[in-house]
1. Only one of (1) in the same structural domain as A11 (by TED's automatic domain parsing); (2) in a helix (DSSP H, G or I); (3) within 30 Å of A19 (Cα to Cα) is not met by I142, so which one is it?
2. Which of the following residues is without any contact (Cβ under 8 Å) to a residue 12 or more places away in the chain and closer than 15 Å to P150 by Cβ: D32, D116?
3. Does Q103 satisfy the criteria of being over 25 Å from A171 (Cα atoms), polar (S, T, N, Q) and surrounded by 14 or more Cβ atoms within 10 Å (Cβ to Cβ)?
4. Please note which helices (runs of 4 or more DSSP H) are completely contained in the stretch 50-127 and include at least 1 residues that are of a type in the set (V, I, T) and over 20 Å from L30 (Cα atoms).
5. Out of the stretch 114-142, which residues are surrounded by 19 or more Cβ atoms within 10 Å (Cβ to Cβ) and over 22 Å from L61 (Cα atoms)?
6. Looking only at the stretch 86-141, which residues are hydroxyl-bearing (S, T, Y) and under 12 Å from G46 (Cα atoms)?
Amino acid sequence: MYDDPVAEHLALVAVAAPAGAEFYPARATLRDRARPGFRFMLPAAGPWQWAGPGAPAAASLADVLAAVSAARLAGLPGYRDIDLAAIHDAHQRATLAALESGQHDLARLLLSEQADVAAASLVSEEQAAAELGITPHSLDVIRHQYKTIPPPVLIAGDQRTKWFWARGQFAAWKDARPGRGWRRGHGRHAAAAAAGG
């Protein structure tokens, strides 16, 4: 559900999640999100913060949007009540508050986060497949069967969906892949063992 209890100072986005739910950065794959949860708060002049247990204090807008998509894909209770426009609006309000209070470094950070998830910067399914050197069909298998790709920051459509990733999120995930075994979720250790290392 989206809740804005103190509109001028705090935005809170929360979805019911199992006990011990964890924070995941945007680049974390669907397969690696073993304990999904979604609970973020945004002070008016600060970055997003994960409000769950045992997690980093700060999160980016891409982290939050990827968590929204992961909640949708996992069918977490309450995900249908999340308003993406309200999340973007809260982030915009935080950016303006940072500018008005003279926190220029924070304002630059928040503006950079907005630019990373702007429509013109997003990586489409077709672009992702091309950059990975695979077919769109292979990308579908990776998304739905192996789940070795991160959740997108935007899912367009209902029946026939299209996924879009933030440029920074996609690049961080792509750079961290463990070699040929990444498609089926084989990690670096498995690849090393297969090579006799």
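The values are calculated or read from the model by the stated rules, or taken from the named source; none is laboratory data. Since the structure is predicted, the reported quantities are computational estimates derived from the model, not experimental observations. No Cβ is skipped: glycine too gets one built from the backbone with ideal geometry, and neighbour counts run over all protein chains shown.
1. (1)
2. D32
3. Considered against the rule, which asks whether it is over 25 Å from A171 (Cα atoms), polar (S, T, N, Q) and surrounded by 14 or more Cβ atoms within 10 Å (Cβ to Cβ), Q103 comes out as yes.
4. The qualifying helices (runs of 4 or more DSSP H) are 84-100.
5. The answer is L139, I142.
6. T95, S101, listed by residue number.
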